[in-house]
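These notes concern the structure reproduced below.
The values are calculated or read from the model by the stated rules, or taken from the named source; none is laboratory data. This one's a predicted model, so the numbers in the text were calculated from it and none came from an experiment. Here the Cβ positions follow ideal geometry from the backbone for every residue, glycine too, while neighbour counts run over all protein chains shown.
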Amino acid sequence: MERLGSESERYLRVVVSGLPIWVRGELQAELRDHLHDAVQRRIQVGAEPAEAETAVLAALGPADELQREFLRVHRRRRALD
């Protein structure tokens, strides 16, 4: 698999920061795969790699908002356990 650009790696770091270590690695790997696949789909239809990466990240929304959502979901799951 090709590496993601630095913009995506920064995005991933922000999204998983604050999550417990035992959740962070798995979530980061899953998000990395999702980002890679979405970028590759855009490239296959003619987008430049940097343009594709920027568009995919924009579609996901701001990293800090996604981070807050994951934190909220994680807290809810822990409360239910």
- Pick from the range 1-58, criterion of a type in the set (S, T, N, Q) and touching a Leu at 6+ places or on another chain (Cβ under 6 Å), ranking: nearest to V73 (Cα to Cα): Q28
- Name the pairs: first residue in the range 27-47 and under 15 Å from A63 (Cα atoms), second residue hydroxyl-bearing (S, T, Y), Cβ to Cβ under 7 Å, at least 6 apart or on different chains? L35/S8
- Task: Mind listing whichever residues of the range 1-59 are among the β-branched types (V, I, T) and surrounded by 13 or more Cβ atoms within 10 Å (Cβ to Cβ)?
- Result: V14, V15, V16, V23, V39, I43, T54, V56
- Query: Would it be correct to say that E69 is among the acidic types (D, E), modelled with pLDDT of 95 or more and part of a helix (DSSP H, G or I)?
  - Reply: no
